[in-house]
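See below for the structure under consideration.
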Amino acid sequence: MWAVREATRNQVDLEVLIENVLNALAAGITIGCIYGLMCIGLGLIFGIMRIVNFAQGELLMLGMFASLYLVTGGGALAFLGPYIGPFIGALLAGPIVFAGAPCCISS
């Protein structure tokens with residue numbers, strides 16, 4: 001009886017360990033991808049304009065909080081986000097980029 005309890009407890013401990021490792025791995029990959037996007041954006045801005053613009057981090061934070069609010073409190077459908085989100089983002093960003101680009105590009 002004692003051996004069965006010990007084996008069951010060890011199996012549960014192993015399952016919890018695997019779950020924790022996979023959760024940490026997923027969180028690390030997600031945060032690493034976010035850092036990578038920030039670094040790519042800063043590299044592009046510095047490479048094109050030759051100035052360091054740290055306002056990109058503020059916009060990234062604003063976008064993250066807006067998406068968090070929409071998914072959790074705003075009632076947006078979370079399962080449609082990966083499929084429809086890029087199209088909505090492109091539709092919203094397109095006019096902003098085309099309206100602001102002529103001001104920033106010098107001939």
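For beta carbons closer than 6 Å, sequence separation of 6+ or different chains, a first residue in the stretch 32-58 that is free of Cβ contacts under 8 Å to residues at least 60 places away in the same chain and a second that is aliphatic (A, V, I, L, M), the qualifying pairs are PHE46/VAL52; ASN53/ILE45. Consider the stretch 36-63 and keep the residues that are more than 20 Å from ALA93 (Cα to Cα) and exposed (fewer than 10 other Cβ atoms within 10 Å of the Cβ). The one that is modelled with the lowest pLDDT is VAL52. Would you be able to say whether some residue in the stretch 4-11 is touching a helix residue (DSSP H, G or I) at 6+ places or on another chain (Cβ under 9 Å) and at pLDDT below 85? So far as the stretch 4-11 goes, no, none of its residues is touching a helix residue (DSSP H, G or I) at 6+ places or on another chain (Cβ under 9 Å) and at pLDDT below 85.
Do the conditions hold for ALA90, that is, is it closer than 19 Å to GLY41 by Cα, surrounded by 10 or more Cβ atoms within 10 Å (Cβ to Cβ) and modelled with pLDDT of 75 or more? For ALA90, the condition - closer than 19 Å to GLY41 by Cα, surrounded by 10 or more Cβ atoms within 10 Å (Cβ to Cβ) and modelled with pLDDT of 75 or more - is met.
The values are calculated or read from the model by the stated rules, or taken from the named source; none is laboratory data. Please read these numbers as outputs of a predicted model, since none were measured by experiment. Reconstructed Cβ throughout: ideal geometry from the backbone, glycine too, with neighbour counts over all protein chains shown.
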